[in-house]
Amino acid sequence: MSARNRELLALIPVALLVTAGFAAVLIVESNQLGNLSVLYGVYFLALCLITHLVIRRRLPDADPFLFPLVALLAAFGMVMIYRIDDGLARDQANWFVLGLVLFAATIVFLRDYEVLERYRYVIATVGIGLLLLPRLPGIGAQTNDAYLSIQFGSLSFQPTELAKICIIVFLASYLREKREVLVVGARRIAGITFPPLKHLGPLLVVWGASMVMLVFIRDLGSSLMFFAAFLALLYVATARISFVIIGMTMFVVGAWFFANTVGHVQERFDIWLDPFDKADSAGYQIAQSMFAQADGGLTGRGLGEALLQLPAVSPACAADFPNCGAILPAPHTDFIYAVIVNELGLFGAAAVVMIYGMIAARGFKTAIIADDGFSKLLATGLTTVLALQAFVIIGGVTRVIPLTGVTLPFISYGGSSIIANFVILALLLMISDKARRRVREQNEAYEAEYA
Amino acid sequence: MNDLEPIAVALKFGFLAVLYLFLLWVMRMALRDLRATASPGLDTGYHELPPPRADSEDAFLEVLAGGGLTEGERFDLFGGVSIGRSPDADIRLDDKYASGIHVRLFSRGGLHYVEDMNSTNGTLLNSEPLHGEAELAHGDVVRIGDTELRFDPGGS
């Protein structure tokens, strides 16, 4: 079966899941089983089919599983958000369409992603500019203490999401050029190869940048995401595990230092270590998220069954309940994973984590079969940043690491996140198409010669 | 609660069942894909040698480190090869310090030789700078930039 037919086939169960999901939610919400859910399923399938045709036309050899897996995540998101608030779901559907349009536009207009390597300093500048935008007075906006979004009237946008693409592209092309320099003249001490001190420069610079992010943007999650992606790239570029060990140690020491000195970082750590101590104020979100997840059990309460809002208190805010009687605050963004666990249980949640795992596996596979340094590093970087983002928010919600407000890729409500992640997917598929085409042509040549 | 409740429960378990069947299918396909592309890579246009046989005659170079080549990869030296960064080289290196055509290896009268092709950054033969050509003996290490290749005359 060709790659594209495989992709087409894989989209059918995804469409089936959307339909089933909407049907379940509609039964709970309005106690009826109409054809609305089928209609939504058909819309979804139609959108995926159009995208599939674009991929078929432009990237015939691209990885067949990446797009269906992403579509499945988007389907999860759409059903969950519809279940939380159908108005938000309409917005999300629009963002999804826009994301697919940008996905197609990236594939059609960029053609050869290798030109990105030439504009790396421009791209890096744009990336850093985007990261700093939320701190600009006037347009910067603070959500949950962190400076992550900018506000134009009623439209809010999270520039970090786009910045991550720029920074990965820059790091990939920078390390592609400098990787030899970084491994020359290493010394072995106690079985670990240490790079010479002068070559720790880039590591120190990026570490410094991530510490600045931690303090100024006040977001451990993004800071961890960028720094860990950098370490992953550095490791792939140089094959020196010592860089990773040194870098991780530096990050932990830095984060620990700021956790003890800077107030808002400290509070994040406190509610991470013991959310129930302040369960009525700062720790409320995490405590409620823990309760919601525990309540889900093995197979969950069923789609549409999670209790998110106290019926008596909403919409008039009662003083007795923080967050206007919302049992689980921010269920459509940060805590959407907790809602999934509550409604689909351990099995559903494990499936979501597995989907991210498979996307990561396909991404790294792409990096392995790509034959030039830039493609390898770019595929690694993009995959890592996607996987790390999922880790940071799922880890935050399940209290593995301190909670930070990043979105769950492709699932959470949020325009910037959906758009940025679809651009990442487009780039991954372009790298994959080039690499797999080369492998296929070689195999064909080999068979022609020896068959 | 209502008469649709059985359907809701069925949908819940059906959703999970379809979800897991789908994931299982993707995993199986991906695994098969992994095995399929694990077949010999033909990156350089040179065929990797099968594991050495006792009656093997051909000399080969074994990759020790670097250059975008896989450690342990072997290159047949039959008919001579050129090594360098240019796409025209028989063994293509992804090494910053390699010249377009950095060295060539050839055989003369049953002996194998390595010759530096006036490379910019030079070649080390067993840690000594190589000038012009030199005869290769079993186990000699040729170093180009970060890339190390070991010569093995093959045979038994």
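The values are calculated or read from the model by the stated rules, or taken from the named source; none is laboratory data. The model shown is predicted, which means the values in this text are computed figures rather than measured ones. Using ideal geometry, Cβ is built from the backbone for each residue, glycine included, and neighbour counts are taken over all protein chains shown. Remember, those area values only see protein heavy atoms, side chains included, never the ligands or the DNA or RNA. Shrake-Rupley method; radii C 1.70, N 1.55, O 1.52, S 1.80 Å.
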*Just report the Cα centroid separation between region A:4-36 and region A:77-125, whole Å.*
23 Å
_With the crude spin-label approximation of a point 7 Å out along Cα→Cβ, what separation in nm comes out for B:PHE78 versus B:GLU135?_
2.5 nm
*asked:* Could you give each residue of region A:370-375 its phi-based ³J(HN,Hα) in whole Hz, using Karplus coefficients 6.51, -1.76, 1.60 with θ = phi - 60°, and x for Gly or Pro?
replied: 5, 10, 10, x, 5, 4
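Between A:ASN94 and B:VAL9, what FRET efficiency comes out of the Förster formula 1/(1 + (r/R0)^6) with R0 = 41 Å and r the beta carbon distance, rounded to 0.05?
Numbers: r = 33 Å, r/R0 = 0.79.
Computed FRET efficiency for B:VAL9 and A:ASN94: 0.80.
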*For chain A: lysine pairs with Cα atoms under 29 Å, gap of 8 or more or different chains, count?*
13
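Please report, in debye to the nearest 20, how large the charge dipole of the protein assembly as shown is about its Cα centre when each Lys and Arg carries +1 at its beta carbon and each Asp and Glu carries -1 there.
Details: 45 positive and 57 negative charges, 169 e Å.
Using only the charged Cβ atoms, the result is roughly 820 debye.
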*What ³J(HN,Hα) values, in whole Hz, does the Karplus curve 6.51 cos²θ - 1.76 cosθ + 1.60 give for region A:353-362 when θ = phi - 60°, with x put for Gly and Pro?*
4, 5, 4, 4, x, 5, 4, 4, 4, 5
*Normalised per residue, the volume of the convex hull around the Cα set of the protein assembly as shown (Å³)*: 183 Å³
_Starting from the 7 Å offset along Cα-to-Cβ, what nm value, one decimal, do you get for the label separation of A:ASP280 and B:GLU71?_
6.0 nm
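Can you figure out the FRET efficiency of A:GLU449 with B:PHE106, using R₀ = 25 Å and their beta-carbon distance, to the nearest 0.05?
Values: r = 25 Å, r/R0 = 1.00.
My answer for the efficiency is 0.50.
Using packing as a proxy for protection, rank A:386-392, B:116-122, A:56-62, A:376-382 so that the peptide with the highest average count of other Cβ atoms within 10 Å comes first. Display every interim value, and only then the final one.
Details: A:386-392: 24.6, B:116-122: 15.0, A:56-62: 18.1, A:376-382: 27.3.
The densest-packed peptide leads the list: A:376-382, A:386-392, A:56-62, B:116-122.
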_Per-residue SASA entry for A:TYR40, accessible area with 1.4 Å probe, Å² rounded to 10_ = 70 Å²
*Rank these residues by their accessible area, most exposed first, probe 1.4 Å: A:CYS48, A:CYS166.*
A:CYS166, A:CYS48
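What does the structure give for B:20-31 when I average, per residue, the other chain Cβ atoms found within 10 Å of the residue Cβ?
On the way: counts 5, 1, 11, 9, 1, 5, 12, 5, 0, 6, 7, 0.
Mean number of neighbouring Cβ atoms from other chains: 5.
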*Net charge near B:ALA137, counting Lys/Arg +1 and Asp/Glu -1 over other residues with Cβ under 15 Å of its Cβ?*
-4
*Based on DSSP H runs of at least 4 residues, each adding -39500 (n - 2.57), what is the mean residue ellipticity at 222 nm of the protein assembly as shown after dividing by all its residues, to the nearest 500 deg cm²/dmol?*
-19500 deg cm²/dmol
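Order the peptides A:293-299, A:332-338, A:11-17 from the highest to the lowest mean number of other Cβ atoms within 10 Å of their residues. Write down the numbers at each step before the final one.
On the way: A:293-299: 15.9, A:332-338: 25.1, A:11-17: 19.7.
Packing proxy ranking, top to bottom: A:332-338, A:11-17, A:293-299.
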*asked:* Just want the answer: with Cβ charges of +1 for Lys and Arg and -1 for Asp and Glu, which residue in A:LEU175, A:TYR284, A:MET248 is farthest toward the dipole's positive end in chain A?
replied: A:LEU175
*Measure off 7 Å from each Cα along the Cα-to-Cβ vector at A:ASP86 and A:MET248, then give the distance between these two points in nanometres to one decimal.*
4.8 nm
*Using mean Cβ contacts within 10 Å as the protection proxy, how do A:345-354, A:117-126 order, highest first?*
A:345-354, A:117-126
